[in-house]
1. May I ask you to derive the relative contact order of the stretch 89-136, considering only C-alpha pairs under 8 Å and at least 6 residues apart, and to give it as an integer percent?
2. Give me the base-10 log of I(q)/I(0) for the stretch 193-259 at each q in 0.18, 0.21 Å⁻¹, Debye formula, one uniform scatterer per Cα, rounded to two decimals.
3. Under a point spin-label approximation (7 Å from Cα along Cα-to-Cβ), what is the A330-A51 distance to one decimal in nm?
4. Share of Cα-Cα pairs in the stretch 339-422 beyond 18 Å, in percent?
5. When the Cα atoms of the stretch 140-214 are enclosed in a convex hull and the volume is divided per residue, what value in Å³ results?
6. Rg and Dmax of the stretch 287-371, Cα atoms, in Å?
7. Hey, which of these cross-link pairs are over 28 Å Cα-Cα: K189/K379; K214/K256; K256/K297; K189/K260; K72/K214?
8. Using only helices, what value at 222 nm comes out for the chain when you add -39,500 (n - 2.57) per DSSP H run of length 4 or more and divide by the total residues, to the nearest 500 deg cm²/dmol?
Amino acid sequence: MRVTGLGHAGLFIETVAGSVLCDPWVNPAFFGSWFPFPDNSDLDWAYYGRAADYLYISHLHRDHFDAENLNKHVRKDATVLLPAFATAELERELRELGFTEFLRTRSGSPVDRDGLRIMITALAGPGDGPIGDSMLALDDGETVLLNQNDAHPRDVQAIHAFGEVDAHFLQFSGAIWFPMVYQMPQRAKREFAARKRQWQFDRALRYIDALQAKHVFPNSGPPCFLDHDLFDLNGTGLDGESIFIDQQQFREQLAKKLPKTSTHLLLPGTVTEVRKNHFNLTHRHTPERIELFFSNKREYLQDYARRQQSRLSAERASRSPALPREQLIAALKQWWEPLLARADHICAGVGGPVRLDIGDVPIVIDFPTRQVRQWDGEKCRYTLSTTGDLVATNIARREPDWSNSLLLSLRFRANRIGPYNEFVYMFLTCLSVERIDYVESYYRARQENDEDIVLDNWRVQRRCPHLQADLSQFGRIEDDVLTCTMHGWDYHLPTGRCLVADGRDIRAAPIGRQDRGGAAPGPGA
């Protein structure tokens, strides 16, 4: 198997049974905020698009789904390897671009296609990307490859059953806006950013340790920020307030924890050949150029930014002009109030008004009354502030997932009183009837898991209340606090209280307080 890195999560995989093009991203994403790091715009995208027998898009985030690149360069008779998502949005988007051949898969179930064994694991919980994320496993008879990209599977048993992994490509860097956009003291922001970076590392470490692949490739990140307004968020920021470590930093950190792990630097144009008893890697760039990417990163990014100014200007010019107050409120009322009427669980979960400051227009999403209206001065636990042109553009495009446009752009500011509320995020990612109905159905169907496990001297429920991660694999206890390293959620075990969000308490009890064979009491017992 021969694999060419295309930048970020992009891979071009050549096998004896055909070639697979994965997540080919090159154009700036999220209102021109994100660019691939290092620059991959000089790759021969027309070649990779013509040569692909199969196309795999892991999910709809625009650093993976690059509609412009897919439309311009990828042959439309390539067979799309389609994850089994709960909604049909990905297929619809690809059909609109002209793709017609789809190989539908069942999550976690291998399928043989002309000598190539394929398994796509689809993560379909509401918090998994824009209503879904996925990972791809391939076996051509010589090599087993796992392209995990951004996906965070709850367990890895199906991967072990698929085969011993030779090449493991996984996310290692951040893909979130916290804490950078939050209004908080700089010291607190640095502390939260450091904790977030550690959670990201711990999560990647768990997957690497669990899978024991022969070769590991840090992939799917980090982005870089070339707009002047965002430039200082690159890397860990000017003062440690950012979360985006790079490939070399991750490899150095990993070498201290798992020194025997064989990790490799994958850059745009890097070619690696992997078989059971053979490995070779060739970089397109010289050692001096690679040194510039990492050791002289700020200088490299400043030059990269100069080259991309025309693209940034074009993106700004493509935005819709800000709407007048009355027109803005009317447009959001017409769009959102029918959705709020269907969103029983989301409205109950938010439980109060959320304020949006759009330019100089303060409005409120009143979840209890299910109305969108002008702010009348009431106290709001959650506030988000952004510019009128970004909201007007989302309205014009009828953008159903504002995490896939506004939030990941980092072109906003946020403030909250109290812990994170996942239902606020959920509403802003489900701005269509299809999405709202799916999420509401998901919450209705979700029942408390009665299975318990023992961690250290505590009996706890097996599944994390956040996104059902298996705590036997992802749970870590220190000073009576259980951390789920899948997403870094903390739980105070003596009370069962979730420390990062409301309404997500955990069932837990010390072993000595109960019959070892009995069920654990509820939170706070």
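1. Reported as a whole number, the value is 23 percent.
2. Normalising to I(0) and taking log10 leaves -0.71, -0.91.
3. A separation of 5.5 nm, rounded to one decimal place.
4. Above the 18 Å cut-off, the stretch 339-422 has 46 percent of its Cα pairs.
5. 84
6. Values for the stretch 287-371 (Cα only, Rg and Dmax): 21.6, 61 Å.
7. Too far apart for the 28 Å limit: K189/K260; K72/K214.
8. -8500 deg cm²/dmol
The values are calculated or read from the model by the stated rules, or taken from the named source; none is laboratory data. All values reported here derive from a predicted model rather than from experimental measurement. Every residue, glycine among them, receives a Cβ derived from its backbone with ideal geometry; neighbour counts consider all protein chains shown. Only protein heavy atoms, including side chains, enter the accessible area calculation; ligands, DNA and RNA are left aside. Shrake-Rupley method; radii C 1.70, N 1.55, O 1.52, S 1.80 Å.
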